[in-house]
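The values are calculated or read from the model by the stated rules, or taken from the named source; none is laboratory data. What you are looking at is a predicted structure, and each value in this text was computed from that prediction instead of being measured. Glycine gets a Cβ as well: all are built from the backbone with ideal geometry, and neighbour counts include every protein chain shown. With ligands, DNA and RNA removed, areas are computed over all heavy atoms of the protein, side chains included. Shrake-Rupley method; radii C 1.70, N 1.55, O 1.52, S 1.80 Å.
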Amino acid sequence: MPAAKKILLVEDEANLLYGLQAKFRIEGFETIVDEGLDKNDILGKITTLKPDYIILDIILPKINGLDLLKDIKARPEISRIPVFIFTNLSDDDSRQQAVKFGADFYWLKTDFNLDEFVAKFKIIIANRDKAA
């Protein structure tokens, strides 16, 4: 049996963070959570734990998610990890910056409930795995 895919969830809203964690675990994923307080700590987790996917909020308490995205994509050892932006920012500028900095997907929190988000995520990664 293949190892469970690992997801790093970077989100400061506790209900959403732990709701996503629980839902992904039920679906067979290994989850790592981070409340987005320290960019260097998160980058260290990514480098050490090598998640298969990162789900990243842009608005975090002490760091800017777009700056973190830029740093992830600038480091060769972690730059190929797909990053899913999951945010409340619906403006075109935020979306364009996320794409420019290397986001693989950009989703609005208001467009999904937990079940729909996880289901859509699973479909996307299944399609990516088929294409690889």
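Take the Cα atoms of region 1-61, find their three principal axes, and give me the spread along each one in whole Å, biggest first.
Sorted largest first, the three principal extents are 38, 26, 12 Å.
Let me know the longest stretch in the chain that avoids all GluC sites (Glu not before Pro) found in a DSSP loop with at most 16 other C-beta atoms within 10 Å.
In the chain, the maximal stretch lacking such sites is 78-132.
Assign unit charges at the C-beta atoms only (+1 for Lys and Arg, -1 for Asp and Glu), then state the dipole size of the chain relative to its Cα centre in Debye, rounded to the nearest 20.
Roughly 560 debye for the chain.
With just the Cα atoms of the chain, tell me how far they stretch along each of the three principal axes, in Å, largest first.
So the extents along the principal axes, rounded to whole Å, are 38, 33, 29.
Suppose every Lys and Arg Cβ carries +1 and every Asp and Glu Cβ carries -1, with no other charges. What dipole size does region 23-67 come out with about its Cα centre, to the nearest 20 debye?
Roughly 40 debye, rounded to the nearest 20.
Gap in Å between the Cα centre of region 6-28 and the Cα centre of region 49-78?
16
Nearest 5 is fine: what % of DSSP beta bridges in region 12-118 come out antiparallel, could you say?
Here the antiparallel bridges make up roughly 10 percent for region 12-118.
On average, how much accessible surface per residue is there in the chain, in Å², for a 1.4 Å probe, leaving out ligands, DNA and RNA?
Heavy-atom SASA per residue in the chain reads 53 Å².
So what is the calculated 222 nm ellipticity per residue for the chain, using -39500 (n - 2.57) for each DSSP H run with n of 4 or more, over all residues, to the nearest 500 deg cm²/dmol?
Mean residue ellipticity at 222 nm (helix-derived): -14500 deg cm²/dmol.
Looking at the chain, which longest stretch skips every one of the trypsin sites (Lys or Arg not before Pro) that is in a DSSP loop with at most 12 other Cβ atoms within 10 Å, leaving the sites themselves out?
1-61
Name the residue, out of Ile81, Ile72, Ile54, whose mean-square fluctuation peaks in a Gaussian network model built on the chain with Cα pairs under 10 Å.
Ile81
What distance in nm lies between label points placed 7 Å from Cα along the C-beta direction at Ala74 and Ile123?
3.6
So how do Ile26, Ile59, Ile46 rank on accessible area, 1.4 Å probe, biggest first, that is with the largest at the start?
Largest to smallest exposure gives the sequence Ile26, Ile59, Ile46.
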